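Below is one structure, written out as structure tokens; the observations come after it.
The values are calculated or read from the model by the stated rules, or taken from the named source; none is laboratory data. On a predicted model such as this, the values are computed, not experimentally measured, just so you know. Using ideal geometry, Cβ is built from the backbone for each residue, glycine included, and neighbour counts are taken over all protein chains shown. Side chains included, ligands, DNA and RNA excluded: accessible areas come from the protein's heavy atoms. Shrake-Rupley method; radii C 1.70, N 1.55, O 1.52, S 1.80 Å.
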Amino acid sequence: MSQNLPACPRCSSAYTYESGALIACSQCFHEWSPAADEPSAASAPVVRDAVGNVLVDGDAVTIVKDLKVKGAGGPIKVGTKVRGIRIVDGVGDHDLEAKVPGFGPMQLKSSVVRKA
Ligand SMILES: [Zn+2]
């Protein structure tokens, strides 16, 4: 075949073929739309804090409600400052990762922080 079809995005196989409006992979049987080849799907989602500010890597935030921490002696208190957050695709709806003073690195939800 001399068609210029993209490789499979799932298994990277070059053995792809046209299947109607879709491209199909003969190796893992993944089917996708060639129009979905845009970078939009790969870009990170916008993460906002409790009041709607957009958060980015490296921001400092303040905790806006007491957070229970499994295995810790007590909750993370309201007003705790956390520096150098990272936007992550975390467990459940946790979308931030940061080192919380007194607790260490952990994942947080953007809904419980406010940009400092
Ligand atoms: Zn494949």
Residues that are charged (D, E, K, R) and in a loop (DSSP other than H, G, I, E, B): does segment 99-108 have at least one?
no
May I ask you to verify whether Asp93 is open to solvent by 50 Å² or more (accessible area, probe 1.4 Å) and in a loop (DSSP other than H, G, I, E, B)?
yes
Exception for Thr62 within (1) more than 30 Å from Ser19 (Cβ to Cβ); (2) modelled with pLDDT under 95 falls at (2)
Within segment 64-90, the residues that are open to solvent by less than 40 Å² (accessible area, probe 1.4 Å) and under 19 Å from Val46 (Cα atoms) are Ile85, Val88, Gly90
Checking Glu38 against (1) open to solvent by 50 Å² or more (accessible area, probe 1.4 Å); (2) of a type outside the set (Val, Ile, Thr); (3) modelled with pLDDT of 95 or more; (4) not assigned by TED's automatic domain parsing to the domain that holds Leu96, which single condition isn't satisfied?
(3)
The one condition in (1) at pLDDT 95 or above; (2) over 26 Å from Cys11 (Cβ atoms) that Gly71 fails to fulfil:
(1)
